[in-house]
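The block underneath contains the structure these notes are about, expressed in structure tokens.
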Amino acid sequence: MSRVGAARETSRLDRRLEALNSARELASGALPQEALDSVLQVLDRAGSRRSLSGDHTVVGFFGATGSGKSSLFNAVSGEEIATAAVRRPTTTEPLAGIWGVQGSDALLDWLEVRKRHAAGPVQGFADDDTGLILLDLPDFDSTRAANREIVQRMVGLVDVLVWVLDPQKYADAAVHNDFLAPLSSHGAVTIVVLNQIDRLPEHEVRPVLESLKDILARDGLDKIQVLAASAVLGTGVDKVRTVIRQAAVQRQAMSQRLTADVTQAAARLAEASGLSAGGTKTAGGRTTADTKAVGDGMAAGATAASRTRLAGELAVAANVPLVVDAVARSYRLEATRRTGWPVTRWLARFRPDPLRRLNLRREGANPELNRTSLPPAGAPERARTDAAVREFAEAASAGAPGPWRAAIRSAAREGSDRLPDAVDQAIASTDLSAGRKSWWWGLFNTVQWLALVTALAGFAWLGVLAALAYLQLPVPEVPRVQGWPVPTVMIAGGVLLGIVLAIAARFIVGAAASSRSAVARKRLKAAVADVAERLVVAPVEREVSRLAKFTAALKAAAGR
């Protein structure tokens, strides 16, 4: 592999690891911690492996008891490095055959391999410049728990996995269910060797190989390399060497292994988040990781319509209609006090101001109000608020996978307890223009007083004339207008003008009260909507945005 190609592969792996880490961080709190911890383990392993020798390729030989794994290891190595005997198991801890000892110590320390052997050159296979490490590992079906733990750990660490099977147990469910099927995404770094073919009649070798390939295909490993060999006779050993040498010389195995790990981790994270159907089902009912398993689950988010519905329901639950009605009634009452007939308008002062009773009447220069005297939210109002928040969360989380839908709903509920108090404060601090005078009040008030004074002057004039007549004094001639005495005209005009003004004021007050209440309704709804935006919508939008970023990061990690 050229340096340019290697650099490009490294850069791609960097981006995918970074994307996987971003997905893990974004999923914190939304997905089970166990799923996040498994991703962190993959990231830690990748970071550790990449910090160690990139010039060495680690090839692990895995097999069941009696598969001839150690014998094949020796045959490939060209010397008796591992102990192979009739008594089983003979391998109790990892054994390394090393071509290119320099720079391998730190890597083997990380692998926890203590038994190390500097192997001699093997013509056409490996020498000190190859940078190859072969590991003979304990049997994966060993009765010793420590041996099984070593195998499980090494499966997650080596660059290339060589599975040594034998004709008697090649279809054993243990190796397929526990190891091969879960590693279906690692086909590029997995080799299966059917060993001990010398124990089969020649005409049965091909059918057994075909049977093995069919089983592997059901495991999701249809493109894997399957080789036949006999460690005893040396048959097929050169082919095994060729495949291993190719992996070592190309220097791609480490990157391919880590890329497969990232792909698998992304698929499992997608499954945990509900973005996949759980991977690809095999014919045997097993589940395998699949890059394409990462779905497109996206939440609908908060739409303008859902925001409007939420604010409207919260406004009703917070008694905004009651406040709007109080604004109209307060305006009518104040207008009556200012423009009503001066003889009777004082009666209006005995009627309480609806806004003042609700502690919403602004006095002076915009004082800051903290609380209203609106009726406290009862069970119906709380139920309406909860239903509104729940409906909004349902609409916003539509399309999101299960765990994320729960996270979005939880975000919507977090601010619900603070809604009643926050909405009350918003209503209290809203400028309802309740104390603002209308321009026409002064005009009507002046004309009303003029009409009253005119009528009273007419009555006084007629009273003086009546007194003069009663006292038998000369009564002066009364001026007339169109034949009507001026005092009478003054009384009639003053009373008639007062009636006309009262009727006109009634219509003007009604229109102005409606206008004031409409303005108040708009401002109150805006104030409630602002509270809903801050306590419900914004947290939900953050979760929806987090899901979108998580999905994008997961797709990048999966290589899509």
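The values are calculated or read from the model by the stated rules, or taken from the named source; none is laboratory data. None of the values given here were measured: they were computed from a predicted structure. FYI the Cβ positions are ideal-geometry reconstructions off the backbone, even for glycines, and counts take in every protein chain you see.
So that you can scan it fast, the table gives a plain yes or no per residue for (1) among the hydrophobic types (A, V, I, L, M, F, W, C); (2) part of a helix (DSSP H, G or I); (3) surrounded by 13 or more Cβ atoms within 10 Å (Cβ to Cβ):
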site: Leu456; (1), (2), (3): yes, yes, yes
site: Val475; (1), (2), (3): yes, no, yes
site: Phe507; (1), (2), (3): yes, yes, no
site: Val519; (1), (2), (3): yes, yes, yes
site: Arg523; (1), (2), (3): no, yes, yes
site: Glu533; (1), (2), (3): no, yes, yes
site: Ala548; (1), (2), (3): yes, yes, yes
Consider Asp219 carefully, then state whether it is charged (D, E, K, R) and either buried (at least 23 other Cβ atoms within 10 Å of the Cβ) or under 50 Å from the mean Cα position of the chain (by Cα) (or both).
yes
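Among the residues of the stretch 320-331, is there at least one that is under 30 Å from Ile408 (Cα atoms), in the same structural domain as Arg534 (by TED's automatic domain parsing) and modelled with pLDDT of 85 or more?
First pass over the stretch 320-331, keeping only residues under 30 Å from Ile408 (Cα atoms): 320.
Then drop every residue that is not in the same structural domain as Arg534 (by TED's automatic domain parsing), which leaves 320.
From what's left, modelled with pLDDT of 85 or more: 320.
Yes, the stretch 320-331 has at least one match.
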Within the stretch 147-162, residues within 41 Å of the chain's Cα centre (by Cα), surrounded by 17 or more Cβ atoms within 10 Å (Cβ to Cβ) and not in a loop (DSSP other than H, G, I, E, B) come out as Ile150, Val151, Met154, Val155, Val160, Leu161, Val162
From the option list Leu432, Leu419, single residue qualifying as surrounded by 13 or more Cβ atoms within 10 Å (Cβ to Cβ), in a helix (DSSP H, G or I), touching a helix residue (DSSP H, G or I) at 6+ places or on another chain (Cβ under 8 Å) and not aromatic (Phe, Trp, Tyr) is Leu419
Taking the stretch 397-416 and the residues there that are aliphatic (A, V, I, L, M) and assigned to a helix (DSSP H, G or I), the one that is surrounded by the most Cβ atoms within 10 Å (Cβ to Cβ) would be Ile408
Based on what the data block shows, is Ala267 out of contact with any Pro (no Cβ under 8 Å at 6 or more places or on another chain), at pLDDT 65 or above and buried (at least 22 other Cβ atoms within 10 Å of the Cβ)?
yes
Taking the stretch 298-308 on its own, how many of its residues are surrounded by fewer than 16 Cβ atoms within 10 Å (Cβ to Cβ) and not polar (S, T, N, Q)?
3
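In the stretch 399-428, how many are among the hydrophobic types (A, V, I, L, M, F, W, C) and under 26 Å from Lys525 (Cα atoms)? Steps first, answer last, please.
Filtering the stretch 399-428 for residues among the hydrophobic types (A, V, I, L, M, F, W, C) gives 400, 404, 406-408, 411-412, 419, 422-423, 426-428.
Subset that is under 26 Å from Lys525 (Cα atoms): 408, 411-412, 419, 422-423, 426-428.
The qualifying residues number 9.
Each row is one residue, and each column tells you yes or no for (1) without any contact (Cβ under 8 Å) to a residue 12 or more places away in the chain; (2) basic (Lys, Arg); (3) closer than 30 Å to Ala400 by Cα; (4) in contact with an Asp or Glu (Cβ under 8 Å, 6 or more places away or on another chain).
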{"site": "Leu501", "(1), (2), (3), (4)": "no, no, no, no"}
{"site": "Val536", "(1), (2), (3), (4)": "no, no, yes, no"}
{"site": "Pro539", "(1), (2), (3), (4)": "no, no, yes, yes"}
{"site": "Lys549", "(1), (2), (3), (4)": "no, yes, yes, no"}
{"site": "Leu554", "(1), (2), (3), (4)": "no, no, yes, no"}
Looking only at the stretch 420-475, count every residue that is closer than 25 Å to Thr336 by Cα and among the charged types (D, E, K, R) and tell me the total.
3
Residues in the stretch 227-237: is at least one more than 23 Å from Gly66 (Cβ to Cβ) and modelled with pLDDT under 95?
no
Test Asp222 against the stated conditions and say whether it is assigned to a loop (DSSP other than H, G, I, E, B) and in the same structural domain as Lys169 (by TED's automatic domain parsing).
yes
In the stretch 190-216, the residues that are crowded, with 18+ Cβ neighbours inside 10 Å and hydroxyl-bearing (Ser, Thr, Tyr):
Thr190
Considering only the stretch 134-145, state which residues are under 44 Å from the mean Cα position of the chain (by Cα), buried (at least 21 other Cβ atoms within 10 Å of the Cβ) and of a type in the set (A, V, I, L, M).
Leu135, Leu137
Residue satisfying all of: in the stretch 1-57; small (Gly, Ala, Ser), loosely packed, with under 12 Cβ neighbours inside 10 Å and closer than 28 Å to Ile133 by Cβ; modelled with the lowest pLDDT among these
Ser2
